[in-house]
Amino acid sequence: MSHDQHNSHGGDCGHEAHDHGHDHGHSHDETGGPKDNLYIRIDRPNVVALNADKEGPEVIKPWDKRLDEVVYLESDADDQMIIRVPFTGSVKLRAVLIKSGPANQTPAKVLLYANENNLDFSDATDKKPTQEFAVAQGREVGEYSVMPAKFSNITSITLFFPASQGADTTRIYYIGFLGSWHERKENPVVTVYEAQANLADHEKIPGTEGNFSAPQS
C-alpha cells in the first residue's frame, strides 16, 4: 500500500468516502481500537490549538469517543486552524486519524509538520510541510498513512488546516495517531537542573528581591 493511498478517501479502495472509517486489517486491543493507537502517549494537557474556540485537547479523544460530535474544535476568526500535539516520548508514526466536517466545514487539506513545536500561521506559510493530504467529506474517521521515514523519530506533530471547503469556519471532531512509541533517551532531571541554574539570568519581578536569600540561623 503506498503512503499516499489515503490522500483522498474515495477511489483507492473502491469505497465511497463514508466507508473509510473501517480498519485495514490492523489488530485491535480490548477497547476495540487499533493496538498501535497512540492516545495514551499524547501529552494531552499540552496540546495547543491556534485560532480555535477551545484550547486544543478537546479533540484528542479515546478510541470509543472518535465518532462523538458533541465536543469539537472550530476555527475562530477565519477558516484556518493549527493544532500542536506533543507526545510523551519518541514516536514512529504510521498514520493520522481525522474526523471533521460537517460538509463544507471540512478542511480542504491538512499539512503535517514533524517536530515543529512552535509553528504559528506566519511560519506555516513559509515552511514546507513534512507531508500533506487532501481531506474528503464524510461522517467517519479518515485514516491518512504517512511516509514512515519522515515520521520515524518524532516527539511532536503540528497539523495545519489552511482552509475549509467553502464554509467560514473549519470544524474538527477527532484527531488520533497510529504508530509505535518508546521513551526519550535523555534524562529529564538534567533539564530541571539547567532551568534552576539559569534562574539568576531571568529578569526579576519587582518586590521579589531577597526571596532567594539563605535563611538566617
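The values are calculated or read from the model by the stated rules, or taken from the named source; none is laboratory data. Quick caveat: nothing in here was measured; it's all calculated off a predicted structure. In this analysis, Cβ positions are derived from the backbone assuming ideal geometry, glycine residues included, and neighbour counts consider all displayed protein chains. Each accessible area value is taken on the protein alone, full model and side chains, heavy atoms only, with ligands, DNA and RNA left out. Shrake-Rupley method; radii C 1.70, N 1.55, O 1.52, S 1.80 Å.
Assorted remarks:
- Given K35/K99; K99/K127; K35/K65; K65/K99, the pairs whose alpha carbons are separated by over 21 Å: K99/K127
- Taking a Cβ cut-off of under 13 Å around V47, the surrounding Lys, Arg, Asp and Glu residues balance to a net charge of +2, with basic ones at +1 and acidic ones at -1.
- Net charge over other residues, Cβ less than 12 angstrom from the Cβ of K92 (K, R count +1; D, E count -1): +2
- Carbon plus sulfur fraction of accessible area for the range 39-182, probe 1.4 Å, in percent: 47 percent
- Accessible area per residue for the range 92-176, computed on protein heavy atoms with a 1.4 Å probe, is 38 Å².
- Local electrostatic count at P162 - Lys and Arg +1, Asp and Glu -1, tallied over other residues with Cβ under 11 Å: -2
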